[in-house]
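The values are calculated or read from the model by the stated rules, or taken from the named source; none is laboratory data. As the structure is a computational prediction, the values presented were derived from the model and not from experiment. All Cβ positions, glycine included, derive from the backbone under ideal geometry; neighbour counts span all protein chains shown.
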Amino acid sequence: MGRRAGGARILGRTLPTTAMGLRVLVLSSAPLVVGCASMPLERFEYERAAMGTRFRIVLYARAREAADSAAEAAFARVAALEGELSDYDERSELSRLSGASDSGPTGPIPVSADLFAVLECSQRVAAASGGAFDVTVGPYVRLWRRARRQGEPPGPERLRQVAPSVGFRRLALDRGRRTVRLLAPAMRLDLGGIAKGFALDEALAVLARRGIERALVLGGGDIAVGRPPPGRAGWRIAIVGLEAPEEEIELACAAVATSGDLERYLDFGGKRYSHIVDPRTGRALDERRLVSVIAPGGMLADALATAVSVLGAPEGLALVERFDGARVRVAILAPDGLRVFRSPAFPPALSSLPRPPSAPPVAPEPLR
Ligand code: AMP
Ligand code: MG
């Protein structure tokens, strides 16, 4: 198990490094102000631990009080979603749903609108990716989590034993009734590849409902942005990681999610096993890949980034093409060198920056 810096960052002045090794930067050291002199738009920033990582909000508002209470409401929404969607918390709605399959396949189980929305998007990406993205992957993910603690990959026999509990076709959704059926015993749903993106979207929505539209929400390596900072065409974000040069892009009203093996992995027998598992085989990825997906929303960007990590390139590029407004950049570090693939519509880099020095070592967070 180890950690490394990577993901994405917002450009400008550096703020303290997060435990994820991301650097969030501001656009100028002086507060940007526009509008009438008495009520300028001012920049506010907030940070909170959630979903096993750091969440950050950067927003523009006219008054500190409104900014503080909007950020508080957005963080509260993220915390509530964590309570529903976490597979670490045995009391979460998700864990209770999975547990219902302990004694065998279930009948229709009513679920919350949030859980249903995430499962519905999951199933869309699962079907489109031929099961490369699959939230029923939980039994495999658990074996690989244990493997990271024990320092040794699970044997093929262990993987075979849990295989009958994995497969997105064993998850049946009924949108009209908002119910879910688990069609195999001992299923374990894991929303680790998609829930963070949904939380980013929901946090932005909370801010927008309070009239704050110029906002950015970051969770781990994923970022969702609303309207740009005043006087700018977009939020400037640097895509970092692996050996590729850092690329600066500009985004507004969109999201960018990054998946890779930068934070959680197992080194064994000369291979680095990722926390991302191929649900079709039960094997953790052992090729070094860093995938950044831009999409209209965080939930789709997050799911697609995980899916493309499994598919690699060029298959992953073809998957992303099927989703309106989605674009991807894939960096693959193979023994014969680095290869970078990108969708034709992936924004051209505003600039290519030299790689920053690695982030300083930080206290490890609990394994997620
Ligand atoms: P991300 O960092 O968004 O790529 O999500 C990785 C997390 O998603 C892992 O830690 C697992 O909890 C879960 N996961 C791993 N492999 C898959 C997969 N193939 N499909 C869906 N979720 C996955
Ligand atoms: Mg993901």
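Looking only at residues in the stretch 87-99 that are touching a residue at least 40 places away in the same chain (Cβ under 8 Å) and surrounded by 17 or more Cβ atoms within 10 Å (Cβ to Cβ), which one is nearest to Pro185 (Cα to Cα)? Lay out the reasoning, then the answer.
So in the stretch 87-99, the residues touching a residue at least 40 places away in the same chain (Cβ under 8 Å) come out as 87-88, 94, 97-98.
Cutting the leftovers down to surrounded by 17 or more Cβ atoms within 10 Å (Cβ to Cβ) gives us 87, 94, 97-98.
On the way: Asp87: 17, Leu94: 16, Leu97: 12, Ser98: 9 Å.
Restricting to residues being touching a residue at least 40 places away in the same chain (Cβ under 8 Å) and surrounded by 17 or more Cβ atoms within 10 Å (Cβ to Cβ), the top hit is Ser98.
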Q) Residues in the stretch 281-288: is at least one farther than 22 Å from Val320 by Cβ, in a strand (DSSP E or B) and within 10 Å of ligand 1 (Cβ to nearest atom)? A) yes
Q) Out of all the residues in the stretch 187-200, which are of a type outside the set (Lys, Arg) and more than 13 Å from ligand 2 (Cβ to nearest atom)? A) Met187, Leu189
Q: Give the residue, chosen from Leu189, Leu200, Leu159, that is within 14 Å of ligand 1 (Cβ to nearest atom), surrounded by fewer than 22 Cβ atoms within 10 Å (Cβ to Cβ) and at pLDDT 95 or above.
A: Leu159
Q. Out of the residues in the stretch 154-177 that are touching a residue at least 24 places away in the same chain (Cβ under 8 Å) and either of a type in the set (A, V, I, L, M) or in contact with a strand residue (DSSP E or B) (Cβ under 6 Å, 6 or more places away or on another chain) (or both), which is nearest to Arg283 (Cα to Cα)?
A. Leu159
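Sort out for me the strands (runs of 3 or more DSSP E) sitting completely within the stretch 1-89 that have 2 or more residues that are β-branched (Val, Ile, Thr) and modelled with pLDDT of 90 or more. Explain how you work it out, then say what you get.
Details: elements: 7-10, 42-50, 53-61.
So the answer is 53-61.
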Q. Does the stretch 296-313 contain any residue that is more than 14 Å from ligand 1 (Cβ to nearest atom), surrounded by fewer than 24 Cβ atoms within 10 Å (Cβ to Cβ), over 15 Å from the mean Cα position of the chain (by Cα) and not acidic (Asp, Glu)?
A. yes
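Identify the residue in the stretch 219-251 that is farther than 17 Å from Leu290 by Cβ and within 16 Å of ligand 1 (Cβ to nearest atom) and, among all such residues, is surrounded by the most Cβ atoms within 10 Å (Cβ to Cβ).
Pass one, the stretch 219-251, residues farther than 17 Å from Leu290 by Cβ: 219, 224-236, 250-251.
From the residues that got through so far, the ones that are within 16 Å of ligand 1 (Cβ to nearest atom) too are 219, 224.
Numbers: Gly219: 27, Ala224: 33.
Only one residue fits best here, namely Ala224.
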(Q) Exactly one condition in (1) within 15 Å of ligand 2 (Cβ to nearest atom); (2) at pLDDT below 95; (3) not small (Gly, Ala, Ser) is false for Arg149; which is it? (A) (1)
Q | One residue from Ala50, Ala127, Ala132 being within 16 Å of ligand 1 (Cβ to nearest atom) and exposed (fewer than 15 other Cβ atoms within 10 Å of the Cβ) | A | Ala127
Q) Of the residues in the stretch 321-368, how many are at pLDDT below 70 and touching a strand residue (DSSP E or B) at 6+ places or on another chain (Cβ under 9 Å)? A) 8
Q) Hey, among Ala80, Ala117, which residue is without any contact (Cβ under 8 Å) to a residue 12 or more places away in the chain, away from ligand 1 (no atom under 14 Å from the Cβ), within 23 Å of the chain's Cα centre (by Cα) and closer than 30 Å to Phe44 by Cβ? A) Ala80
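Which residue, of Val180, Val217, is within 16 Å of ligand 2 (Cβ to nearest atom), at negative phi and either in contact with a Phe, Trp or Tyr (Cβ under 8 Å, 6 or more places away or on another chain) or aromatic (Phe, Trp, Tyr) (or both)? Give the steps one after another, and end with the answer.
Values: Val180 fails: within 16 Å of ligand 2 (Cβ to nearest atom).
Within the list Val180, Val217, the selection yields Val217.
Can you name every residue in the stretch 70-89 that is acidic (Asp, Glu) and either under 17 Å from Ile194 (Cα atoms) or touching a Lys or Arg at 6+ places or on another chain (Cβ under 8 Å) (or both)?
Going through the stretch 70-89, the residues acidic (Asp, Glu) turn out to be 72, 82, 84, 87, 89.
Correct list: Glu82, Glu84, Asp87, Asp89.
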Q: Of the conditions (1) more than 16 Å from ligand 2 (Cβ to nearest atom); (2) modelled with pLDDT of 95 or more; (3) of a type outside the set (S, T, N, Q); (4) within 27 Å of Val217 (Cβ to Cβ), Pro245 clears all except one; give me its number.
A: (2)
